[in-house]
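This report refers to the structure that appears directly beneath it.
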Amino acid sequence: MRILIPWKPIVLVWGLLSAMIFFGFVASSVLQGKDPFAPGVTITQPAAAKTGVAKSGQQPKHSHKPASTPSQ
């Protein structure tokens, strides 16, 4: 007697899991700024774009101390 195995659902589930792992790897690599297909290579952005983004999100730091004036 032969046991029949439904191969189509097994192959579909296996392919779906493999695709999810692959796309998760690519997405995490891109979020970390690395090229997923070139090991050790970091994706760099132009220096002007980096400084512009960093400066626009920062507030100037003000001291809450009263200004010291010479009283004598």
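The values are calculated or read from the model by the stated rules, or taken from the named source; none is laboratory data. Note that this is a predicted model, so its numbers are computed, not measured. For neighbour counting, all protein chains shown are included, and Cβ atoms are generated from backbone atoms with ideal geometry for every residue, glycine included. These accessible areas exclude ligands, DNA and RNA; they are computed on the full protein's heavy atoms, side chains included. Shrake-Rupley method; radii C 1.70, N 1.55, O 1.52, S 1.80 Å.
Looking for something at pLDDT 80 or above, in a loop (DSSP other than H, G, I, E, B) and among the β-branched types (Val, Ile, Thr) - is there at least one such residue anywhere in the stretch 1-17?
Scanning the stretch 1-17, I find at least one residue that is at pLDDT 80 or above, in a loop (DSSP other than H, G, I, E, B) and among the β-branched types (Val, Ile, Thr), so the answer is yes.
Can you find, within the stretch 23-36, the residue that is least open to solvent (accessible area, probe 1.4 Å) among those that are at pLDDT below 95 and among the hydrophobic types (A, V, I, L, M, F, W, C)?
Across the stretch 23-36, the extreme among qualifying residues is Val26.
What is the one condition in (1) over 15 Å from the mean Cα position of the chain (by Cα); (2) modelled with pLDDT under 85; (3) open to solvent by less than 90 Å² (accessible area, probe 1.4 Å); (4) not aliphatic (A, V, I, L, M) that Thr42 does not satisfy?
The one condition Thr42 does not meet is (1).
If Lys50 meets every condition in (1) exposed (fewer than 10 other Cβ atoms within 10 Å of the Cβ); (2) at pLDDT below 65 apart from one, which number is that one?
Of the numbered conditions (1) exposed (fewer than 10 other Cβ atoms within 10 Å of the Cβ); (2) at pLDDT below 65, the odd one out for Lys50 is (1).
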